[in-house]
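Please read the structure below before turning to the comments.
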Amino acid sequence: MAELTLQQANKLIVEALNAAHEKDMPPIAVAVLDSGAHLKAFQREDGVSFLRVKIAQAKAWGALAMACDTDQLAERYNQDALQQGFINALNGMTDGKIIPLPGGVLVRNDKNEIIGAIGAAGGVSTDDAACVTTAIKSFGPELSVD
């Protein structure tokens, strides 16, 4: 399996920030993790609160941990009390590292293998998700989203 490179991670961040600027979003934080959930690259725009740093990383971490984009976790969480209990249990097991909000997206290579994840925080969660998805799609066939 090919690994996510630092060059790719940095470009993902630049593209996510560009997408946020095009949407006229408030400042955001963007985290890119490799497939082992290790921080590969990170940027926090001026004016972003310190908590957004952790939220961006948690969105990416949650996507990797559950092997799905966090918009799917949000849908599950909003289904019923049983799903909420499941997500809450996961948070108990992981010291609160799973954020069931859109904005964490898996990064796949051209063989559809998961090679990392990207998370953003600072705007409305659906806008965060749109920015990171746009960033991944900027690579064309080299990287893909689910």
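The values are calculated or read from the model by the stated rules, or taken from the named source; none is laboratory data. Remember, it's a predicted structure, so these values are computed and weren't measured experimentally. Using ideal geometry, Cβ is built from the backbone for each residue, glycine included, and neighbour counts are taken over all protein chains shown.
When segment 87-146 is examined, which residues are found to be polar (S, T, N, Q), in contact (Cβ under 8 Å) with a residue 60 or more places away in the chain and part of a strand (DSSP E or B)?
ASN109
What's the number of the condition GLY47 fails, among (1) touching a residue at least 40 places away in the same chain (Cβ under 8 Å); (2) small (Gly, Ala, Ser); (3) assigned to a loop (DSSP other than H, G, I, E, B)?
Just one mismatch for GLY47, condition (1).
In segment 50-85, what residues are acidic (Asp, Glu), modelled with pLDDT under 95 and either within 17 Å of the chain's Cα centre (by Cα) or assigned to a helix (DSSP H, G or I) (or both)?
The answer is GLU75, and nothing else.
Kindly check whether there is at least one residue in segment 71-79 that is out of contact with any Cys (no Cβ under 7 Å at 6 or more places or on another chain), buried (at least 24 other Cβ atoms within 10 Å of the Cβ) and touching a residue at least 40 places away in the same chain (Cβ under 8 Å).
no
Just checking, does segment 86-101 include any residue being at negative phi, modelled with pLDDT of 95 or more and surrounded by 24 or more Cβ atoms within 10 Å (Cβ to Cβ)?
Scanning segment 86-101, I find no residue that is at negative phi, modelled with pLDDT of 95 or more and surrounded by 24 or more Cβ atoms within 10 Å (Cβ to Cβ), so the answer is no.
Do we find a residue being modelled with pLDDT of 95 or more, assigned to a strand (DSSP E or B) and in contact with a Ser or Thr (Cβ under 9 Å, 6 or more places away or on another chain) anywhere in segment 9-18?
no
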